[in-house]
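A.B. asks: Please see the structure below; I have some questions.
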Amino acid sequence: MTADPLPPRRLGLTGSIGAGKSTVAGLLRARGLTVLDADEQARLVTQEPEVLVQIEARFPGTVTAGVLDRAGLAARVFPDPAAVADLNAIVHPRVRARMNGLEAQAAARAEAWVVQDVPLLFESGLDAQMDAVLVVDAPLDVRLRRALARGGLTKDDILARDARQLPAEEKRRRATWVIENSSDLAGLEAQVERIMNSQEWTGEKAGRDTI
């Protein structure tokens, strides 16, 4: 009788807006790690007809002909904490179910680590389910510049979203590892390599380290 595969260890990946979390996620993927993107799964969930029905019922006018107006929904929801909570109650359980299914597939492949890329990792309490947490950080002026360069958000939008998240210094305090992303890609890659070559990464239990 074949034993069930051991679950992979979970690395929670997070960072404030503009910190460069997605870039780090790409570097981890390039090194063979499975990265489960909560935002990507949320986009897929919000294409499901039953979810769209619930969203339209709670936020009328945000779904037209079976298509979600993401910008319109964001504009309505983000200024209102109660609305955010209602949207999360619709979407988050389904996102977690999808993430758990993908994690089970990684376990079947006998992967040692799975990265869970979750923007609101601490705010949602999911850090408690991780074996280690990697926070990507950069100075606020750098993050603002990057977020503005992506387009779609004003400076006020970015600052408002940043204010609704756990302060960067608290994320850093609660992290297992912190990556400083204020220089170039080579520097970022060097920090990722240091983490993946550390005893905490390769050993039995992750510890705390600041790169």
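The values are calculated or read from the model by the stated rules, or taken from the named source; none is laboratory data. Not measured: the values here are computed from a predicted model. Neighbour counts run over all protein chains shown; Cβ positions are idealised from the backbone, glycine included. The area values use the complete protein model at the heavy-atom level, side chains included, leaving out ligands, DNA and RNA. Shrake-Rupley method; radii C 1.70, N 1.55, O 1.52, S 1.80 Å.
A.B. asks: What is the angle, in °, between the Cα long axis of helix 185-196 and the longest principal axis of the Cα atoms in the chain? Nearest 10 is fine, range 0 to 90.
C.D. replies: Roughly 60 degrees, rounded to the nearest 10.
A.B. asks: Per residue of the chain, what 222 nm ellipticity follows from adding -39500 (n - 2.57) for every DSSP H run with n ≥ 4, rounded to the nearest 500? Could you put the intermediate results ahead of the total?
C.D. replies: On the way: 10 runs with 108 residues, N = 211.
Taken over the chain, the calculation gives -15500 deg cm²/dmol.
A.B. asks: While we're looking at this one, here's another question. Using a 1.4 angstrom probe with every protein chain in place, what is the largest-first accessible-area order of ASP156, ASP162, ASP131? Mind showing how you got there, number by number?
C.D. replies: On the way: ASP156 115, ASP162 35, ASP131 85 Å².
The ordering from most to least exposed comes out as ASP156, ASP131, ASP162.
A.B. asks: Could you order ASP141, ASP157, ASP117 by accessible surface area, starting with the largest, using a probe radius of 1.4 Å? Walk me through the numbers before you get to the answer.
C.D. replies: Working: ASP141 100, ASP157 65, ASP117 5 Å².
Solvent-accessible surface, decreasing: ASP141, ASP157, ASP117.
A.B. asks: For the chain, modelled as a GNM with alpha-carbon contacts under 10 angstrom, which of VAL135, VAL63, VAL91 fluctuates the most?
C.D. replies: The residue that fluctuates most here is VAL63.
A.B. asks: Turning to a different aspect of this structure: Indicate the gyration tensor shape class of the range 68-211 (rounded, prolate or oblate), computed on the Cα atoms with a ≥ b ≥ c the square roots of the eigenvalues: a/c under 1.5 is rounded; otherwise a/b larger than b/c is prolate and the rest oblate. List each step's numbers first, then the result.
C.D. replies: On the way: a/c = 2.04, a/b = 1.25, b/c = 1.63.
Oblate is the answer for the range 68-211, as a/c is 1.5 or above yet b/c matches or exceeds a/b.
A.B. asks: Right, something else. Taking 0.36 nm per intervening residue step and subtracting the Cα-Cα distance, what contour gain separates GLU193 from ALA149 on full extension?
C.D. replies: 13.1 nm
A.B. asks: Compute the acute angle (0 to 90°) between the alpha-carbon long axis of helix 81-108 and the principal axis of greatest extent of the alpha-carbon atoms of the chain; round to the nearest 10°.
C.D. replies: With rounding to tens, the tilt is 40 degrees.
A.B. asks: Moving on. Between ASP39 and SER22, how many nm apart are label points set 7 Å from Cα along the C-beta direction?
C.D. replies: 0.5 nm
A.B. asks: By how many nm would the segment from ASP131 to ARG164 lengthen if fully extended, with 0.36 nm per residue of separation less the alpha-carbon distance? Display every interim value, and only then the final one.
C.D. replies: On the way: separation 33, 0.36 × 33 = 11.88 nm, distance 2.51 nm.
Net length gain for the segment: 9.4 nm.
A.B. asks: Counting other C-beta atoms within 10 Å, and keeping those with at most 15, which DSSP coil trypsin sites (Lys or Arg not before Pro) do you find in the range 1-64?
C.D. replies: Working: sites: ARG9, ARG10, LYS21, ARG29, ARG31, ARG43, ARG58; in loops: ARG31.
Here the trypsin sites (Lys or Arg not before Pro) that fit, given the DSSP loop and packing criteria, are ARG31.
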